[in-house]
1. Pick from the stretch 116-145 the residues that are free of Cβ contacts under 8 Å to residues at least 60 places away in the same chain and among the acidic types (Asp, Glu): which of them is farthest from Ala14 (Cα to Cα)?
2. Please determine, by comparing only the residues of the stretch 1-27 that are open to solvent by 70 Å² or more (accessible area, probe 1.4 Å) and either more than 15 Å from Ser138 (Cα to Cα) or under 10 Å from the mean Cα position of the chain (by Cα) (or both), which one is modelled with the highest pLDDT.
3. Of (1) modelled with pLDDT of 60 or more; (2) surrounded by fewer than 19 Cβ atoms within 10 Å (Cβ to Cβ); (3) in a strand (DSSP E or B), Tyr52 satisfies all except one. Which?
4. For the stretch 31-45, give me each residue that is modelled with pLDDT of 95 or more and surrounded by 13 or more Cβ atoms within 10 Å (Cβ to Cβ).
5. For the stretch 135-146, indicate whether the set of residues that are closer than 29 Å to Gly21 by Cα, among the hydroxyl-bearing types (Ser, Thr, Tyr) and either touching a Leu at 6+ places or on another chain (Cβ under 9 Å) or at pLDDT 95 or above (or both) is non-empty.
6. Determine which single condition Arg82 fails, assuming it passes every other condition in (1) surrounded by 20 or more Cβ atoms within 10 Å (Cβ to Cβ); (2) out of contact with any Leu (no Cβ under 9 Å at 6 or more places or on another chain).
7. Is it true that Ser101 is surrounded by 15 or more Cβ atoms within 10 Å (Cβ to Cβ), under 17 Å from the mean Cα position of the chain (by Cα) and at pLDDT below 80?
Amino acid sequence: MTATWILVANASTANLYANRGPNTGLELVKQYQHAESRAKSSELSSDRPGRYQTDGGGHGAFSQATDPKQHEEDKFAAELARELETGRTSNSYARLILVASDPFMGKLNNHLTGQVRALATDTIEKDYTQITERELASHLESILYV
C-alpha cells in the first residue's frame, strides 16, 4: 500500500510523517530546521543600505528589495517543496496532507508543482509543529485513519 505523507511546518521547522494505512499510526520520516528564518532581519543583513546623492544635492538611501527574514522563509518553503517533489517522482507517497502555519502555507503553495498540488487532498492552516505525534494523530483522525 502506498503511503500518505503529512508535512507539518512553519517558517523555521518542519516534520514529515508517513501513514502507511489504517491503524498504523504516524511514522516520522524526516525533520527539517531552518534557523535563519528565526533570526532577526538585522542579523541577516550584512550592513546598512548604501547611499546615493541626487542631482539637486540631496541624499538618499537604497532600500532592500525584500526583507531578509521573508527571503529566508521563502528559501525554506522552496526546500520543502523540492523534498515533496522528490518524493512524488520516486512514488514514495500517493496522497499528501499539508499542515502549516497561516502565513507559511502561502509561501509553500507558491513553490509546489502542479503534480504535488494534485496529490494534496487536505490542507490545514495551523501551526502543529510543537505538538506530539499522538496529539497530531487526534487532530488528523477525521481525514486519516491513524
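The values are calculated or read from the model by the stated rules, or taken from the named source; none is laboratory data. Computed from a prediction, not measured in an experiment: that's the story for all the values here. All Cβ positions, glycine included, derive from the backbone under ideal geometry; neighbour counts span all protein chains shown. Each accessible area value is taken on the protein alone, full model and side chains, heavy atoms only, with ligands, DNA and RNA left out. Shrake-Rupley method; radii C 1.70, N 1.55, O 1.52, S 1.80 Å.
1. Among residues in the stretch 116-145 that are free of Cβ contacts under 8 Å to residues at least 60 places away in the same chain and among the acidic types (Asp, Glu), the one farthest from Ala14 (Cα to Cα) is Glu141.
2. Arg20
3. Only one criterion is unmet by Tyr52, namely (1).
4. Once the filter is applied, which keeps residues that are modelled with pLDDT of 95 or more and surrounded by 13 or more Cβ atoms within 10 Å (Cβ to Cβ), the stretch 31-45 yields only Tyr32.
5. The answer is no; no qualifying residue exists.
6. (1)
7. So Ser101 fails the test.
Residue-wise test of (1) surrounded by 18 or more Cβ atoms within 10 Å (Cβ to Cβ); (2) in contact with a helix residue (DSSP H, G or I) (Cβ under 7 Å, 6 or more places away or on another chain); (3) farther than 25 Å from Ala137 by Cβ; (4) modelled with pLDDT of 95 or more.
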position	(1), (2), (3), (4)
Gly60	no, no, yes, no
Gln64	no, no, yes, no
Asp67	no, yes, yes, no
Glu73	yes, yes, yes, no
Leu96	yes, yes, no, yes
Leu112	yes, yes, no, yes
Asp122	no, no, no, yes
